[in-house]
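The values are calculated or read from the model by the stated rules, or taken from the named source; none is laboratory data. Just so you know, these numbers come straight off a predicted model, no measurement behind them. Note that each Cβ is placed from the backbone with ideal geometry, even for glycine, and that neighbours are counted across all protein chains shown.
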Amino acid sequence: MTSESTSNAGGGFSSAASRRFEGTRPVSAGAQIDLVSLDRFLATHVPGYEGPVSIEQFNGGQSNPTYKLSHGKHAWVLRTKPGPAAQLLPTAHAIEREYRVQSALGKAGFPVAKMLTLCEDESVIGRAFYLMEYLDGRVLWEQSLPTETPAGRSAIYAEVNRVIATLHTTDYRAIGLQDYGREGGFLERQIKRWSAQYRASEIQPIAEMDALIEWLPRHIPGSSRTAIIHGDYRLDNLAFAHQEPRVIGVLDWELSTLGDPAADFAYHCLGFHSDPATFRGIAGLDLKQLGIPSEAEYVDLYVRRTGIDCGEHWNFYMAFSLFKIAAILQGVAKRASEGIASSEHAHEIGAKARIRAAQGWAVANELRL
């Protein structure tokens, strides 16, 4: 089981496609590691480390390359910045932030992989990296949980809800993360950021995105809390114990910061608004028969656990989440249209951006006077 899953930006994959992101493969040509130098560093910085190690690369589509190191019965996970040839954005790929937040949360008892060492000296292997424990667990890719019983699905959804509620009620000041992000103004900054990202990626006009860009800033809730937010909290970014519905690790902290927990939770709930075939969600399914809570029941459980009453502004938070997804998908479509992928792929992803934008505007319209 990988200690990092892949992000699909709400694009969705079928069951067969999802399996492409499981397991490991030989290290690709552009992602090679100097194992001799790495082994020398780890031997002096990680108690109990034994080498030399063998190395494989996880199949997930992480923006930060992630590897499995093995020696006998021992295994670790190595996460690095992209190689020297990559063009890095100034604030992207900040693995030292991932290491910091997981270290702090782990010491507070939150389920994350144990952080073992951070190396910001790029002379060791040519890029910064950190080492963490390998979590022996399972990743559940399908939100409908087809292999589970109704009771099993109910238990898993309750556990997923419990863990995000625990994250959002963790005192970030008490664990030394008071400067992990900015307090206040989170939604304003996010709307501005994703509006700009969308405009930069625009191929053909999407009327619903234009409407949301104008509507969202005028309907930001008057007050909100600040909490540690994950940024991409979803089922396949969680590692579960093999024989019980218990999260043993929350994965992929690249987008984490301090922000509005209600926005983080709404983004997590996009599955309730996602078609199973197109977006791998649970919209339109008989949730009661499956043993999965309704959106209203799931939100109510979170509110009771956290005291964060996001229900009053739920449509805003959901409209914002759908807007954000649409902006991300539009960026993927733009890059594909520029030759990174086929034009057919660009058209497909662009169509999904339109679907998400239309959904967001439909939700927003329920709040309009």
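I'm checking my understanding of the structure. Among residues of region 74-122 that are of a type in the set (S, T, N, Q) and modelled with pLDDT of 95 or more, which one is surrounded by the most Cβ atoms within 10 Å (Cβ to Cβ)? Within region 74-122, the match that is surrounded by the most Cβ atoms within 10 Å (Cβ to Cβ) is Gln102.
Here Gly51 clears all of (1) at pLDDT 95 or above; (2) part of a loop (DSSP other than H, G, I, E, B) except the condition numbered (1). Sub-8 Å Cβ pairs linking a first residue in region 325-342 that is buried (at least 19 other Cβ atoms within 10 Å of the Cβ) and at pLDDT 85 or above to a second residue that is of a type in the set (A, V, I, L, M, F, W, C) and outside any helix (DSSP H, G or I), at least 6 apart or interchain, are Ile325/Ala9; Ala326/Ile206; Ile328/Ala9; Leu329/Ala9; Gln330/Ile203; Gln330/Ile206, ordered by first then second residue. Looking at region 228-328, the helices (runs of 4 or more DSSP H) lying wholly inside it that each contain 2 or more residues that are aromatic (Phe, Trp, Tyr), closer than 24 Å to Trp194 by Cβ and in the same structural domain as His168 (by TED's automatic domain parsing) sit at 261-268.
If you go through region 92-142 and keep only what is over 22 Å from Pro82 (Cβ atoms) and in contact with a Cys (Cβ under 9 Å, 6 or more places away or on another chain), you end up with nothing. Among the residues making up region 252-301, those that are farther than 21 Å from Gly184 by Cα and among the small types (Gly, Ala, Ser) are Gly271, Ser274, Ala277, Gly281, Ala283, Gly284, Gly291, Ser294, Ala296.
Residues of region 26-48 that are outside any loop (DSSP other than H, G, I, E, B), exposed (fewer than 11 other Cβ atoms within 10 Å of the Cβ) and at pLDDT below 90: Ala29 alone.
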